[in-house]
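The values are calculated or read from the model by the stated rules, or taken from the named source; none is laboratory data. It should be emphasised that the depicted structure is a prediction, and the values quoted were computed from it without experimental measurement. In this analysis, Cβ positions are derived from the backbone assuming ideal geometry, glycine residues included, and neighbour counts consider all displayed protein chains. With ligands, DNA and RNA removed, areas are computed over all heavy atoms of the protein, side chains included. Shrake-Rupley method; radii C 1.70, N 1.55, O 1.52, S 1.80 Å.
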Amino acid sequence: MSEKKKLAVIDGETLMDTRLEPTKFCIDTLLPQGITILGGAPKIGKSWWVLDLCVRIAKGESVWDMPTTKGTTLYLCLEDTLRRVQERLNCITDDVPSNAFFATAAHTLADGLCDEIRGFVKEHPDTVFVAIDTFQIVRNGGVDTSYGNDYDEIRQMKQLADELGISLLLVHHLRKQGDSDPLNKLSGTTGIVGAVDSVFVLDKSKRSENLATLVCTGRDIEHRQFELRFSQKDYVWEVKSDSREQPEKLLPPEMELLVGFMKEQKIFNGRNNDFAELFNAATDSDITAKTLKQMMTRWRYDLEALGIYFDNYRNNSTRFMKIKYVSSACDDRVNGDD
């Protein structure tokens, strides 16, 4: 008899105290690892933007003042010829790096697309970004346009992106009929939106042909809206406004107070409740031990960047915390010598 497979589980307490790596981004705060779908009206300029992304990411240049993770890029521009891609590249730059790759033909999902991409990443292990323009060309085809089919096809690509640790961007079309909700404009069923990590919708502004709105939302990014202008001189999309008022990530006030408190306290090893009492007394705050621990876990990596390291442990039914401040984030860890 074959051995039955056992479900891999983790208890809640262990999960909350486990060090898990934060989400990695190809474009900081905007394009995370995983799968993103970019929907846009026909001829609006989706391909110009994707081409610009491929070149900038390959160079390690910022996108709209947002840092990128430099690495190899692959653009499957399946509606274009190499001549057209070359002409567009000549419009946006005179310096295309050797780690930006392009292809005008690929297999469908049914015929081995995922294996093709795996093979490319194996040859170029520093690959960080792959774009498929358009998703419709690589779909399995057929008459099945159900939610389940849409979801399954996206899930295949989602699993590939997670397996390879890359950002995978699918360029897609919008419906002909309008909708007040940008997400409802994507062609196909809601199975597409449900399976991706992030959704971008690039839509024309009625005010001018050169203006557009880019709406971005997802599991690992905050809802965001850009007002864009397409430059007829440089052939790139430029930002006119960004709904995110502060592009840099800031600690909440409680965590800023914690940093100041630990710079004075240096080290603490004791009950969670005792630490919360000390913190509240020193900072004139009123926060429970439970809430304080939750916030510290949420902002763990930001705190570590500022020299605050902590571990949680339990003795019988009592929860304890070991926390310390080190002047250099590279010097010490909580588990090191005191």
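Once the chain from Asp11 to Asp286 is taken as fully extended at 0.36 nm per residue, the excess over their C-alpha distance is 96.0 nm. Using θ = phi - 60° in the Karplus curve 6.51 cos²θ - 1.76 cosθ + 1.60, the 3J(HN,Hα) couplings for segment 312-317 round to 10, 8, 10, 10, 6, 9 Hz; x is entered for Gly and Pro. Database remark: amide H of Ser285 closer than 5 angstrom to no amide H (H placed geometrically; neighbours at sequence offset of 5 or more, or on other chains; Pro and chain starts carry no H). Split the accessible area of the chain by element, probe 1.4 Å, and carbon with sulfur accounts for 47%. Listed by chain and number, the lysines placed with their C-alpha closer than 18 angstrom to that of Lys324 are Lys263, Lys266, Lys293; residues fewer than eight positions away on the same chain are left out.
Projected label points at Asp302 and Asn90, each 7 Å from Cα along the beta carbon direction, are separated by 4.7 nanometres. The 3J(HN,Hα) values that the Karplus relation (6.51, -1.76, 1.60; θ = phi - 60°) gives for segment 256-266 are, in residue order, 5, 5, 4, 4, x, 4, 6, 5, 8, 6, 6 Hz. Gly and Pro appear as x. With the whole protein complex present, Leu74 retains an accessible surface near 10 Å², based on a 1.4 Å probe. With all protein chains kept in place, the per residue accessible area of the chain amounts to 55 square angstrom at a probe of 1.4 angstrom. When the alpha-carbon atoms of the chain are used, the pair Rg, Dmax equals 23.8, 70 angstrom. Assuming a ≥ b ≥ c are the square roots of the Cα gyration tensor eigenvalues, decide whether segment 1-147 counts as rounded (a/c under 1.5), prolate (otherwise, with a/b larger than b/c) or oblate. Note, shape of segment 1-147 comes out oblate. Once amide H atoms are built 1.01 Å from N in the peptide plane, which residues 5 or more positions from Gly39, or in another chain, come under 5 Å H to H? For Gly39, whose amide H was placed from the backbone, the distant partners under 5 Å are His172, Phe200, Val201, Leu202. Restricting the count to DSSP beta bridges whose residues both fall in the chain, what percent are antiparallel, rounded to a multiple of 5? Antiparallel: roughly 55 percent of the beta bridges in the chain.
For segment 16-28, putting each phi into the Karplus relation 6.51 cos²θ - 1.76 cosθ + 1.60 with θ = phi - 60° gives couplings of 5, 9, 7, 6, 10, 5, x, 4, 8, 10, 7, 10, 3 Hz, in residue order, rounded to whole numbers and with x for Gly and Pro. Under 5 Å between amide hydrogens, which residues at least 5 positions from Ala131 or on another chain qualify, with H placed 1.01 Å from N in the peptide plane? Correct list: Leu74, Tyr75, Leu76, Leu169. Equivalent-ellipsoid semi-axes for segment 226-330 (Cα gyration tensor, √(5λ), whole Å, largest first): 39, 14, 13. The solvent-accessible area of Lys70, taken with every protein chain present and a 1.4 Å probe, is close to 140 Å².
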